[in-house]
């Protein structure tokens, strides 16, 4: 199994973005991508009830959100007016094909989105969960998938690759996959999670447990996903890259688990880190 990779970072003013070296090789082909830390700020709308005192969030208005999304798209050099804002975080294996009709809209009820439409940036949000980006440089197809523990149990990232094969005819040997900042196996101990996962019962395919020095057992969602991508979707190991950033340990990122543990289970952090991927039209220099 490949080791974790240090992803380079760059700033646009006060906004910091993390990028995959694997995917950055395709900038000349119009591929744009990035995972943002909390320098961008929270990206959750006011639809979450701020009257609930155990929830931590900025509870932004649509106008406030639009300012932050514009900062994010400007940082990557993609078109804010065509940004597809998604409402995932459902921990499903559902995949939606995004089309020109979705440009500038908010769509959702899925955790993964795929497209071959140029200049159509796709946004995802996460806090501790994985956001995996996909790129097929031969057929010029991109994808994005959010997957936490339950999403990993459903092999949602591998399923996204399989859908790209079905929808666009992508081949496993061509597909590149990069997994951004997420909680590590050393930090994610399901028995301590607010959802009370029983690790002993989680025998889903290719799951990787982590024996910790203090006798506890963690679960590595990122390396489990890597193993699923190889075994279930046929992705080459050298075409999978995983960030070494642990969102629970790195204070630059919003972390659901960090807030929950530090508050002894009294607070749920509903803030989210943003991420965007887009395939630009290189002929028009977008």
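Overview of results
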| quantity | calculated |
| --- | --- |
| Filtered residue count, the range 156-165, keeping only those that are surrounded by fewer than 24 Cβ atoms within 10 Å (Cβ to Cβ) and closer than 16 Å to residue 129 by Cβ | 1 |
| Any hit, the range 22-37, residues being at pLDDT below 95 and at negative phi | no |
| Meets criteria (over 17 Å from residue 225 (Cα atoms), surrounded by 24 or more Cβ atoms within 10 Å (Cβ to Cβ) and either modelled with pLDDT of 95 or more or within 20 Å of the chain's Cα centre (by Cα) (or both)) for residue 142 | yes |
| The range 173-185: number of residues that are over 19 Å from residue 20 (Cα atoms) and surrounded by fewer than 17 Cβ atoms within 10 Å (Cβ to Cβ) | 0 |
| Every residue from the range 1-35 that is farther than 20 Å from residue 174 by Cα, surrounded by 21 or more Cβ atoms within 10 Å (Cβ to Cβ) and in contact with a helix residue (DSSP H, G or I) (Cβ under 6 Å, 6 or more places away or on another chain) | 17, 34 |
| Of all residues in the range 186-203 being part of a loop (DSSP other than H, G, I, E, B) and loosely packed, with under 14 Cβ neighbours inside 10 Å, the one that is modelled with the highest pLDDT | 198 |
| Filter result for residue 214 (at pLDDT below 90, more than 24 Å from residue 72 (Cβ to Cβ) and out of contact with any strand residue (DSSP E or B) (no Cβ under 7 Å at 6 or more places or on another chain)) | no |
| Residue within the range 27-39 that is touching a residue at least 60 places away in the same chain (Cβ under 8 Å) and part of a helix (DSSP H, G or I) present | yes |
| Residue within the range 268-280 that is surrounded by fewer than 21 Cβ atoms within 10 Å (Cβ to Cβ) and under 30 Å from residue 171 (Cβ atoms) present | no |
| Sole exception among (1) without any contact (Cβ under 8 Å) to a residue 60 or more places away in the chain; (2) in contact with a strand residue (DSSP E or B) (Cβ under 7 Å, 6 or more places away or on another chain); (3) within 16 Å of residue 252 (Cα to Cα) for residue 84, by number | (3) |
| Only one of 107, 96 that is over 25 Å from residue 255 (Cβ atoms) and in contact with a helix residue (DSSP H, G or I) (Cβ under 9 Å, 6 or more places away or on another chain) | 96 |
| Subset of the range 110-140 [free of Cβ contacts under 8 Å to residues at least 40 places away in the same chain and in contact with a strand residue (DSSP E or B) (Cβ under 7 Å, 6 or more places away or on another chain)] | 110, 113 |
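Condition check ((1) within 14 Å of the chain's Cα centre (by Cα); (2) in a strand (DSSP E or B); (3) within 17 Å of residue 56 (Cα to Cα); (4) modelled with pLDDT under 95) across all residues:
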site	(1), (2), (3), (4)
218	no, yes, no, yes
223	no, no, no, yes
230	no, no, no, no
235	no, no, no, no
242	yes, yes, no, no
251	no, no, yes, no
257	no, no, yes, yes
260	no, no, yes, yes
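The values are calculated or read from the model by the stated rules, or taken from the named source; none is laboratory data. Bear in mind the structure is a predicted one, so any value in this text is a computation, not a measurement. So basically every Cβ, Gly included, is an ideal-geometry build from the backbone, and we count neighbours across all protein chains shown.
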